[in-house]
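Trainee: First, the structure itself, so that you have it in front of you.
Please treat every number below as a calculation from the coordinates, not as lab data. A quick note: this is a predicted structure, and the numbers were derived from the prediction, not measured. Counting neighbours? That spans all protein chains shown, and the Cβs are built from the backbone with ideal geometry, glycine included.
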Amino acid sequence: MSSASRFRDSRVARRVRAAAGLLITPLVPDDVLSTLNPLWSRSAPRARVVKVVRETPDTTTLVLRPGTSFAPHRPGQYLGIGLQVAGVWHWRTYSVTSRPGDPLLSVAVTAVPGGVLSGRLAHDTPVGTVVGLGPAAGEFTLPEPTPEKLLFVTAGSGITPVMGMLRALAPADLCGAVLVHCDRTPADVVFGPELRGLAARTGLRLVERHTAGQGRLTPDALADAVPDWAVRETWACGPAGFLDTLATHWERAGDPELLHVERFAPKRVGSAAGTGGRITFATSGLVADAEPDTPVLLAGEAAGALLPNGCRMGICHTCVGKLQAGAVRDLQSGEVIDAADQPGRPVRTCVSAPSGDITLDL
Amino acid sequence: MLRRDTRTTLEIVPGTGEEKVSAAAHLTAEQVEALGAELDAIREEVVASRGERDARYIHAVIRAQRGLEFGGRALLLFSKFPPAWIAGTAALSVAKILENMELGHNILHGQWDWMRDPKIHSTTWDWDHVDPAEFWKRSHNYEHHTFTNIRGKDRDLGYTVMRITPEEEWRPTHLLQPLTNVGLSLIFEYGIALYDIETDKIKSGEKSWAEAKPQIAATFRKIGKQAAKDYVLFPLLSGPSALSTLVANLTANTVRNVWSHAVIFCGHFPDGTETFEEERLEGETQGEWYIRQMLGSANLTGSKAMHLMTGNLSHQIEHHLFPDLPSNRYAEIAPRVRDICERYGLPYNAGPLPKQYAKVWRKILRLAFPGGHERYGAAKPTPRSRIGKAVRRVAPARLAA
């Protein structure tokens, strides 16, 4: 922590803030600071883009300088990035690729076709842009101490959380580790030159599979490339189909306990049972209508509600609200949760859609 | 309203022998529906086009307001010097007016919720007003905007202390209402806070003590905070200028009270604004709701600065049609709303502040005395067969003595 941030958290500073609060009520000091400079806000942390690195045609690294002290992340975690597009704040999560403790934060953004935010961030975010910063989160991290036999299996932009891990690992830990990475061509590999350099320097074994020529990674191909895969503690990230194949393989032929996966998009079941409905947010009194497949979170945001949110794909449980009335359908499992059976049951708004009219304590 | 024409019995306005006719009585149900569709289309257009320009606007107003407030307070630290007192008091008065009207009122309406900015949102915003935001939001956003000008339902009609419609039975205490109004004007924000505690409902037992107590406590805490800031801390900080700073802050709060009282009273009480019976609510269509809002509201004409200083409540008609659209858009849609009114033969009540305020005062003075139906009596829906024969009665322009 810098001396400035130590001062900000000191008891003297708290007293100063309390006194200032009496003078500016009903505002709080943070309101005034953020009016002077959005980067000074502590309640709504912001960061300035200081460097933009085009990794591949559709993936960009944004190097950020946080405005206030920022709780360190663990390698492999993601954090929320917010941007005001046409006046509206949009938030998505991106993997942190910088090392914990670095003064600057890096995130890798891959443009998703049709995405409101990813395209803007990847292609149209000049140096100097101020973005919102959400706390780092996620369980896709390495344990302490680092396991001896490591395997990473990644595809496409799935390399980004693993890049955060590789950069943070000591050379000794990397020696003997294996990274199997799949992408269309050598030029498409995000962080390609850096990965190849890292392999040459540290003893990390890099297996690149170029699917345009070699086809998709199969369990057999994986076993050929990494004969001892089954005894390695494995971290895998990539498209849903890729991860499903790996998960099935580990369940059949390996130890599922050893496989850790990170999904970029929520896993969803078919849209059979839902009906959609009207959502009442009890705390704010706001009301929103949702289609059968629209998560409560998205419907609420579209109606202007301010709702807690994090990963937006069912992992982090930041967005949970208690179901007071009505029923929701879990879009990942298909399970229907009815307040009549389980009053006050917490539901994840980002992956739950209403089945009829509902009330949440948000 | 129109669907109910056939079962509405004609009421004779006492003292005149003539019935008044609502300014919308000539519209058929189809026309009402078409009018509603036109207004819906305006709303959808604005909602679809909200964007960067609007976000820049509200941020600019917030910055300007805070600049004026802190600048004014800084000047007042030296308020012993008359130029600093005058400039500081003026800046603080303007800042306080902007804070309550263009920012507080409109943000608490949810006009800026669409930005999803946690700092500019109806659920997180608090204002420099002794009425806590949560209570005001309920009484204003819900009760007043839903039941606008429904006699017996919209407590904003006279704020329970004044007789603002002749249908309200006259009581001798109403003789005092000109004085009440002057007093209310001077302490308007306290009046609103007291009004939201609903002492009338507590007395009648409609509201329980258990419900009222925490609300009263919260209101007193809010009053305490504002008083501490304006009447203790900033005067103390001013050292030798303490007394003049206290007077300056009291002046700024009073200027805001008088100004916001005038603007708000001009929104629903000038001549020509209609009030309605509760039965109208039953099965009211969207088109009928729009018409009630238009006939029950009145605009103020003036410059851009004037509109800003009224928090765009100078576009009361547009605000009541679309309470949650961003206030900077009201001026833009006003010509279209006026055009709709002209095409459907509806009045579009607008005038400069002095003229409208004079009308409000004339009404308050007249209704301090019994009667007043001739000039101010509410209109009754007219049966179809009578349309055409009905003529709006023009009341003689005279002040009741």
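Trainee: By how many nm would the segment from B:Arg138 to B:Lys203 grow when fully extended, if each residue of separation counts as 0.36 nm and the alpha-carbon distance is taken off?
Mentor: So the chain would gain 21.4 nm between B:Arg138 and B:Lys203.
Trainee: Evaluate the charge dipole of the range B:91-248 about its Cα centre and quote only its size in Debye, nearest 20, assuming +1 on the Cβ of each Lys and Arg and -1 on the Cβ of each Asp and Glu. Walk me through the intermediate numbers first.
Mentor: Values: 18 positive and 21 negative charges, 67 e Å.
With Lys and Arg at +1 and Asp and Glu at -1, about 320 debye.
Trainee: Can I ask one more? Between helix B:353-366 and chain B, what is the angle of the helix's C-alpha long axis to the longest principal axis, kept within 0 to 90° and rounded to the nearest 10?
Mentor: 70
Trainee: How much length would be gained if the chain were fully extended between B:Arg53 and B:Thr173, taking 0.36 nm per residue of separation minus their Cα-Cα distance, in nm to one decimal?
Mentor: Using 0.36 nm per residue and subtracting the Cα-Cα distance, I get 38.2 nm.
Trainee: Calculated FRET efficiency, A:Cys175 and A:Ser69, Cβ-Cβ r, R0 56 Å, to nearest 0.05?
Mentor: Efficiency computed from Cβ-Cβ geometry: 0.95.
Trainee: From zero outward in steps of 10 Å, how is the percent of C-alpha pairs of the range A:277-360 spread across the bins?
Mentor: 22, 61, 18
Trainee: Let me ask something else about it. On a 0 to 90° scale, report how tilted helix B:82-98 is relative to the longest principal axis of chain B, with both axes built from alpha carbons and the result rounded to the nearest 10.
Mentor: For helix B:82-98, the angle is close to 40 degrees.
Trainee: So, one more: Whose amide H sits under 5 Å from the amide H of B:Ala350, counting only residues 5 or more places off or on another chain, with H placed in the peptide plane?
Mentor: Here B:Asn299 satisfy the definition.
Trainee: So, R0 is 22 Å and r is the distance between the beta-carbons of A:His210 and A:Ala265; what FRET efficiency does that work out to, to 0.05? Could the numbers behind the result be given before it?
Mentor: Values: r = 24 Å, r/R0 = 1.07.
So, using R0 = 22 Å, E works out to roughly 0.40.
Trainee: Obtain the nm distance between the two label points defined at A:Ala282 and B:Lys304 by a simple spin-label model: each point lies 7 Å from its Cα along the Cα-to-C-beta direction.
Mentor: Distance between label points: 4.7 nm.
Trainee: Report the semi-axes of the equivalent ellipsoid for chain B in whole Å, largest first, where each axis is √(5λ) for an eigenvalue λ of the Cα gyration tensor.
Mentor: Result for chain B: semi-axes of 38, 25, 20 Å.
Trainee: Moving to a separate point now. Can you give the local net charge around A:Asp31? Use residues other than it whose beta-carbon is closer than 13 angstrom to its beta-carbon, Lys and Arg +1, Asp and Glu -1.
Mentor: Values: positive: A:Arg17, A:Arg42, B:Arg63, B:Arg66, B:Lys119; negative: A:Asp30, B:Glu69, B:Glu99, B:Asp117, B:Asp126, B:Asp128.
Local charge sum for A:Asp31: -1.
Trainee: Sticking with this one: Pull up the cross-link candidates among the aspartates and glutamates for A:Lys149, meaning alpha carbon to alpha carbon under 12 Å and not fewer than 8 places away within one chain.
Mentor: Straight-distance partners of A:Lys149: A:Asp173, A:Asp228, A:Glu233.
Trainee: Hey, another quick one. What does the helix-only formula give at 222 nm for chain A: each DSSP H stretch with n ≥ 4 adding -39500 (n - 2.57), the total divided by the residues, and the result rounded to the nearest 500 deg cm²/dmol?
Mentor: Rounded to the nearest 500, it is -7000 deg cm²/dmol.
Trainee: Can you give me the Kirkwood hydrodynamic radius for the range B:24-106, using every pair of distinct Cα atoms, in Å to one decimal? Don't jump to the answer; show the numbers that get you there.
Mentor: Values: mean 1/r = 0.0622 Å⁻¹.
So the Kirkwood estimate lands at 16.1 Å.
Trainee: For the pair A:Asp244/A:Arg201, report the inter-label distance in nm, with labels modelled 7 Å from Cα in the Cβ direction.
Mentor: Calculated label separation equals 3.9 nm.
Trainee: While we're looking at this one, here's another question. Dipole of the protein assembly as shown (Lys/Arg Cβ +1, Asp/Glu Cβ -1, origin at the Cα centre): which of B:Gly311, B:Ala41, B:Pro83 lies farthest to the positive side?
Mentor: Result: B:Pro83.
Trainee: I need the phi-derived Karplus couplings for the range A:336-352: 6.51 cos²θ - 1.76 cosθ + 1.60, θ = phi - 60°, integer Hz, Gly and Pro marked x.
Mentor: For the range A:336-352, the Karplus curve yields 9, 10, 10, 5, 5, 8, 10, x, x, 5, x, 10, 7, 5, 6, 10, 10 Hz.
Trainee: Evaluate the charge dipole of the range A:161-265 about its Cα centre and quote only its size in Debye, nearest 20, assuming +1 on the Cβ of each Lys and Arg and -1 on the Cβ of each Asp and Glu.
Mentor: 340
Trainee: Per DSSP H run of n ≥ 4, the term is -39500 (n - 2.57); total these for chain B, divide by its residue number, and report the mean residue ellipticity at 222 nm rounded to 500 deg cm²/dmol. Don't jump to the answer; show the numbers that get you there.
Mentor: Working: 16 runs with 197 residues, N = 401.
Per the formula, -15500 deg cm²/dmol.
Trainee: Which distance in nm do the two modelled labels at B:Ala74 and B:Thr124 give, with both placed 7 Å along the Cα-to-Cβ direction?
Mentor: 2.7
Trainee: So, counting K/R as plus one and D/E as minus one, what does the shell of residues with Cβ under 15 Å around B:Ile86 add up to? Working shown, then result.
Mentor: Numbers: positive: B:Arg73, B:Lys80; negative: none.
Here the charged neighbours net out to +2.
Trainee: Which FRET efficiency value, to the nearest 0.05, is calculated for B:Ala218 and B:Val182 with the Förster distance at 30 angstrom and r the Cβ-Cβ distance?
Mentor: The pair B:Ala218/B:Val182 has a calculated efficiency of 0.60.
Trainee: Also, I was wondering about something else. Under 5 Å between amide hydrogens, which residues at least 5 positions from A:Ala236 or on another chain qualify, with H placed 1.01 Å from N in the peptide plane?
Mentor: Correct list: A:Val153, A:His260, A:Val261, A:Glu262.
Trainee: Aspartates and glutamates within cross-link reach of B:Lys222: Cα-Cα under 18 Å, excluding same-chain residues under 8 positions apart?
Mentor: B:Glu99, B:Asp126, B:Asp128, B:Asp131, B:Glu134, B:Glu189, B:Asp196, B:Glu198, B:Glu211, B:Asp230
Trainee: Taking the Cα atoms of the protein assembly as shown, what is the range of coordinates along each of the three principal axes, in descending order and whole Å?
Mentor: Sorted largest first, the three principal extents are 104, 72, 47 Å.
Trainee: Report the one residue of B:Trp259, B:Leu281, B:Pro326 whose Cα lies farthest in the direction of the positive end of the charge dipole of the range B:241-381 (charges on C-beta: Lys and Arg +1, Asp and Glu -1; origin at the Cα centre).
Mentor: Highest projection toward the positive end goes to B:Trp259.
Trainee: Counting pairs of Cα atoms in the range A:37-133, how many percent are more than 20 Å apart?
Mentor: On the way: 1357 of 4656 pairs.
For the range A:37-133, the share of Cα pairs beyond 20 Å comes to 29 percent.
Trainee: Can I ask one more? Determine, at each q value in 0.11, 0.14, 0.18, 0.20 (inverse angstroms), the log₁₀ of I(q)/I(0) that the Debye formula gives when each Cα of the range B:280-382 is one equal point scatterer.
Mentor: Evaluating at q = 0.11, 0.14, 0.18, 0.20 Å⁻¹ gives log10 I(q)/I(0) of -0.41, -0.65, -1.00, -1.14.
Trainee: Another question, if that's okay. How far, in degrees from 0 to 90, does helix B:209-227 lean away from the longest principal axis of the Cα atoms of chain B, to the nearest 10?
Mentor: Once rounded, the angle reads 50 degrees.
Trainee: Right, next: In sequence order, what are the phi-derived ³J(HN,Hα) couplings for the range B:51-62 according to the Karplus relation 6.51 cos²θ - 1.76 cosθ + 1.60 with θ = phi - 60°, rounded to whole Hz, with x for glycine and proline?
Mentor: Coupling constants for the range B:51-62: x, 4, 4, 5, 4, 4, 4, 5, 5, 5, 5, 4 Hz.
Trainee: Another question, if that's okay. Per residue of the range A:299-305, what does 6.51 cos²θ - 1.76 cosθ + 1.60 with θ = phi - 60° give for ³J(HN,Hα)? Whole Hz please, x for Gly and Pro, Karplus curve as stated.
Mentor: 4, x, 5, 5, 8, x, 6
Trainee: In whole Å, largest first, what are the principal axis extents of the Cα atoms in the range A:150-262?
Mentor: That gives 35, 31, 24 Å along the principal axes, largest extent first.
Trainee: Another question, if that's okay. State to the nearest 20 debye the size of the charge dipole of chain A about its Cα centre, where the only charges are +1 on K and R beta carbons and -1 on D and E beta carbons.
Mentor: The calculation lands at about 1460 debye.
Trainee: Once amide H atoms are placed 1.01 Å from N in the peptide plane, what residues at a sequence separation of 5 or more from A:Gly356, or on another chain, have their amide H within under 5 Å of its amide H?
Mentor: HN-HN under 5 Å from A:Gly356: A:Thr275, A:Gly276, A:Gly277.
Trainee: Once the other residues with Cβ under 15 Å from the Cβ of A:Lys51 are scored (Lys, Arg +1; Asp, Glu -1), what is the net sum?
Mentor: My count for the surroundings of A:Lys51 gives +1.
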